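Below is one structure, written out as structure tokens; comments come after it.
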Amino acid sequence: MPDIQPLSASVVNKIAAGEVIERPASVLKELLENALDAGGRRIDVSIEKGGSELIRVRDDGCGICAEQLPLAVASHATSKIRTADDLFAVCSLGFRGEALASIAEVSRLNLRSRTADAQAGAELEVVGGRSSEVAPCGCPGGTAIEVRQLFFNTPVRRKFLRSPQTEMSHLVEAFTRLALAHCNVHFTLQHNGRTLYDLPAAGSRRQRVAALLGEDLAGSLIEVESVDEDYRLAGLVAEPTQSRANNRMQYVFVNGRVIRDRALQHALQEAYRGLLLTGRYPICFLELTIPADAVDVNVHPAKQEVRFQDGGRLYSQLLSTLRRKFLTTDLTARYQPDRTDGAPAAAAPAMATSADSLAAQSELVAWAKGQLSEKLSAAPTPGADQAFFPDAQPAAAEEADQPLSLTRLDRPAGAELTGFFSGEAGDASGGSRTTALQIHNRYLVTESDDGVVVIDQHALHERILYEQIRAKVLAGSLETQQLLVPEPVDMSASEAAAVFEQSELLAKLGIHVQPFGGETVLVSSYPAMLANMAPGEILRDLVEDLLAGGKRPDRRDLLDHLLHTIACKAAIKAGDRLTCEEISELLAQRHLAQDSHHCPHGRPTALVFTREQLDRQFKRI
Ligand code: ADP
Ligand code: MG
């Protein structure tokens, strides 16, 4: 074994750089954080060749005085904390005191700075960790840091840089994150001399989202806010019509810091459960303001993750805030007519579009609120939280039992198939006159106050049944059908194992099973609403959910999947002709469902064509 020796400062810095500085975007993040910590109100970023040539960040913050310049680039030197205790009260973005030292070790760094009370500025050059003398220079108040030829002295790392476009997309993402987190700061971004973004200190986060990510997205955002003692949650979440195939559009800021947190991502997904198709992810811009000592920021070298003192509290605050908001917001998918007049979309003035959609949205929300309060006074629906927290006490669910009772829409043999219904829908919405037409044996077309509604009969019925079954399962009052002679069902070994492993859960759903030797499962009862299906068929459908649940399925997820499957099987199908009574009953039930706008898989149950849209399409206006 060779001797043990301390490493030189240069090697230590290179090792630290390996952790913190992965690519140009990591440099930009650190420089931006420093500029924000310095209280910059305006921050200008200039990039050349995807950051491999130049990354420059200039701010108008407090500046660094000449004597302190060498310390700014020294490792483990910081102005932000003094003692270890300070680590638990960090209010700045930086605190490790190693970013500038790391960057300077692997680049040609130029630092110019002037404090408010200094006559002149001071300048320092560091090339591959070797620092020049501090020299006076002329410069405006604040700090400008230029990082040239990143990784010039670590050729292996320089080789790992991707194309300028790829690196630029990472740089833009780093810029976007901090610009979204600090809407009150003026940011600009240039690449190869071209201005990509000029973001004046924005009045609202929505305006900043519009400038960075487009008016369309910004227009579809719903504002949320909640305060729980010293925890404040505020921000924007997208309507379910806007989603992504991954979770990269989920921006969470904790005390101004951009973080990623699995638990909060999960809470978000949970809040959108049933509103998004499987595999789709919600979009959000959420700011959490909590006491500095409620979060440990010193758990990740690039400070991208944090540890919360009470993660559970944040989880439920996020979930309940969003769920409550969705309950009072009309989430019906709006019909977006294709442009047929040939006018390029860009011809429309951007401001007008945004103002229109904002106005339309607030109108919508006002309308939805009215509808909801009417509905609530007409027929008490279960407590809002109850419906979304299947583990909650079932008391409220029992109340729900009454208004949600729904007979299976079985058509008596030989019933007349008219498919047109006009009359009183004896529902909780006040017995208003409803007319509906069934078309193609799958859609119901009906009128609403503001236009024409096209309902997907299967999706709507499935939603209603799903809520009904869930309420009954919670209350332990799901009707079951006892078989006089238990039915043997042959399964594969793994299927049978999955069934017995979850036999308790199945029993909650009214399905009682016993072993019958080998891979045969004996079914002795099943949910009454599936009376039309053979017990074997039901069990085989459900076992797919059980197997798909993976090795350690989350019980709640699994129960929810099983409920979806049962609702889907029990619901009327696309292609089923409906009688007047069936249509009437379905429409009446529509108003009782908590979220009648989406089927349990997240597909919309109805589309609205507003009268205004129709008038426009027919060129009346
Ligand atoms: P940290 O931010 O963790 O303290 P850095 O290496 O990023 O460590 O910066 C070291 C120090 O240099 C900071 O503590 C701060 O005092 C100073 N500094 C860096 N950038 C700026 C800036 N843009 N304006 C003012 N001071 C700065
Ligand atoms: Mg820093």
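The values are calculated or read from the model by the stated rules, or taken from the named source; none is laboratory data. Predicted model, so just to flag it, every value in this text is computed and none were measured. Every residue, glycine as well, gets a Cβ built from its backbone with ideal geometry; the counts of neighbours run over all protein chains shown. Each accessible area value is taken on the protein alone, full model and side chains, heavy atoms only, with ligands, DNA and RNA left out. Shrake-Rupley method; radii C 1.70, N 1.55, O 1.52, S 1.80 Å.
Yes or no, residue by residue, for (1) at positive phi; (2) modelled with pLDDT of 50 or more; (3) not in a loop (DSSP other than H, G, I, E, B):
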position: A415; (1), (2), (3): no, no, no
position: G423; (1), (2), (3): yes, no, yes
position: S429; (1), (2), (3): no, no, no
position: L437; (1), (2), (3): no, yes, yes
position: V452; (1), (2), (3): no, yes, yes
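Within the range 84-100, can one find any residue that is under 27 Å from G193 (Cα atoms) and either more than 10 Å from ligand 1 (Cβ to nearest atom) or touching a residue at least 60 places away in the same chain (Cβ under 8 Å) (or both)? Yes: one or more hits.
Restrict the check to the range 65-83 and report whether at least one residue is of a type in the set (A, V, I, L, M) and more than 25 Å from T115 (Cβ to Cβ). Give the steps one after another, and end with the answer.
So the first thing to find is which residues in the range 65-83 are of a type in the set (A, V, I, L, M), and the list is 66, 69, 71-74, 77, 81.
Filter again for more than 25 Å from T115 (Cβ to Cβ), leaving none.
Within the range 65-83 (the criterion being of a type in the set (A, V, I, L, M) and more than 25 Å from T115 (Cβ to Cβ)), the answer is no, since none of the residues qualifies.
Within the range 36-49, the residues that satisfy the criterion of being touching a Lys or Arg at 6+ places or on another chain (Cβ under 8 Å) and buried (at least 22 other Cβ atoms within 10 Å of the Cβ) are I43, V45, I47.
The single condition from (1) within 16 Å of L264 (Cα to Cα); (2) open to solvent by 50 Å² or more (accessible area, probe 1.4 Å); (3) touching a helix residue (DSSP H, G or I) at 6+ places or on another chain (Cβ under 6 Å) that S226 fails is (2).
Of all residues in the range 5-21, which are within 16 Å of ligand 2 (Cβ to nearest atom) and buried (at least 16 other Cβ atoms within 10 Å of the Cβ)?
Kept after step one, since they are within 16 Å of ligand 2 (Cβ to nearest atom), are these residues of the range 5-21: 13, 16-17, 19-21.
N13, A16, A17, V20, I21 - these are the residues of the range 5-21 that are within 16 Å of ligand 2 (Cβ to nearest atom) and buried (at least 16 other Cβ atoms within 10 Å of the Cβ).
Within the range 22-37, the set of residues being within 14 Å of ligand 2 (Cβ to nearest atom) and among the aliphatic types (A, V, I, L, M) comprises V27, L28, L31, L32, A35, L36.
Looking at the range 262-289, which of its residues are open to solvent by 30 Å² or more (accessible area, probe 1.4 Å), more than 17 Å from T176 (Cβ to Cβ) and touching a residue at least 40 places away in the same chain (Cβ under 8 Å)? Listed by number, the residues that qualify are A263, H266, R273, L277, T278, R280, T289.
Here the condition is being in contact (Cβ under 8 Å) with a residue 40 or more places away in the chain and open to solvent by 40 Å² or more (accessible area, probe 1.4 Å); of Q457, Q514, Q481, Q502, it holds for Q481 alone. What about A66, is it away from ligand 2 (no atom under 14 Å from the Cβ), among the aliphatic types (A, V, I, L, M), open to solvent by 60 Å² or more (accessible area, probe 1.4 Å) and out of contact with any Phe, Trp or Tyr (no Cβ under 7 Å at 6 or more places or on another chain)? Considered against the rule, which asks whether it is away from ligand 2 (no atom under 14 Å from the Cβ), among the aliphatic types (A, V, I, L, M), open to solvent by 60 Å² or more (accessible area, probe 1.4 Å) and out of contact with any Phe, Trp or Tyr (no Cβ under 7 Å at 6 or more places or on another chain), A66 comes out as no. Checking the structure you have, find out if any residue of the range 527-536 is open to solvent by 40 Å² or more (accessible area, probe 1.4 Å), touching a residue at least 24 places away in the same chain (Cβ under 8 Å) and assigned to a helix (DSSP H, G or I). No, the range 527-536 has no match at all. Out of V134, V172, V147, one residue alone is buried (at least 16 other Cβ atoms within 10 Å of the Cβ) and within 16 Å of ligand 2 (Cβ to nearest atom). It is V147.
State whether one or more residues within the range 38-58 are under 21 Å from R114 (Cβ atoms) and within 12 Å of ligand 2 (Cβ to nearest atom). Yes: the range 38-58 contains one or more residues that are under 21 Å from R114 (Cβ atoms) and within 12 Å of ligand 2 (Cβ to nearest atom).
Residues considered: S524, S477. Of these, the only one that is farther than 30 Å from L587 by Cβ and more than 31 Å from the chain's Cα centre (by Cα) is S524.
For the residues A89, A66, A77, A84, the requirement of being modelled with pLDDT of 95 or more and at negative phi singles out A66. Where residues in the range 198-213 are of a type in the set (D, E, K, R) and open to solvent by 20 Å² or more (accessible area, probe 1.4 Å), which of them is farthest from F175 (Cα to Cα)? Among those that are of a type in the set (D, E, K, R) and open to solvent by 20 Å² or more (accessible area, probe 1.4 Å), it is R206.
Quick check on the range 179-198. Is at least one of its residues on the phi < 0 side of the Ramachandran plot, of a type outside the set (A, V, I, L, M, F, W, C), in contact with a Pro (Cβ under 8 Å, 6 or more places away or on another chain) and touching a residue at least 40 places away in the same chain (Cβ under 8 Å)? Scanning the range 179-198, I find at least one residue that is on the phi < 0 side of the Ramachandran plot, of a type outside the set (A, V, I, L, M, F, W, C), in contact with a Pro (Cβ under 8 Å, 6 or more places away or on another chain) and touching a residue at least 40 places away in the same chain (Cβ under 8 Å), so the answer is yes.
Within the bounds of the range 118-126, is there any residue that is farther than 16 Å from S46 by Cβ, open to solvent by 20 Å² or more (accessible area, probe 1.4 Å) and in contact with an Asp or Glu (Cβ under 7 Å, 6 or more places away or on another chain)? Break it down stepwise before answering.
Looking only at the range 118-126, we keep the residues that are farther than 16 Å from S46 by Cβ, and these are 118-126.
Next, from what is left, pick out any that are open to solvent by 20 Å² or more (accessible area, probe 1.4 Å): 118-120, 123, 125.
Narrowing further to those that are in contact with an Asp or Glu (Cβ under 7 Å, 6 or more places away or on another chain): none.
Among the residues of the range 118-126, not one is farther than 16 Å from S46 by Cβ, open to solvent by 20 Å² or more (accessible area, probe 1.4 Å) and in contact with an Asp or Glu (Cβ under 7 Å, 6 or more places away or on another chain), which makes the answer no.
In the range 108-128, the count of residues that are without any contact (Cβ under 8 Å) to a residue 40 or more places away in the chain, within 13 Å of ligand 1 (Cβ to nearest atom), of a type in the set (G, A, S) and under 27 Å from S8 (Cβ atoms) is zero. Of all residues in the range 77-106, none satisfies the criterion of being more than 12 Å from ligand 2 (Cβ to nearest atom), closer than 25 Å to R157 by Cα and open to solvent by 20 Å² or more (accessible area, probe 1.4 Å). I need the full set of residues from the range 484-499 which are in a strand (DSSP E or B) and open to solvent by less than 30 Å² (accessible area, probe 1.4 Å), in order please. Listed by number, the list holds a single entry, V489.
Within the range 134-175, being touching a strand residue (DSSP E or B) at 6+ places or on another chain (Cβ under 8 Å) and assigned to a loop (DSSP other than H, G, I, E, B) holds for V134, G138, C139, P140, G141, Q149, L150, F152. Listed by position, the helices (runs of 4 or more DSSP H) inside the range 551-620 whose residues that are β-branched (V, I, T), touching a helix residue (DSSP H, G or I) at 6+ places or on another chain (Cβ under 9 Å) and open to solvent by less than 50 Å² (accessible area, probe 1.4 Å) number at least 2 are 555-570.
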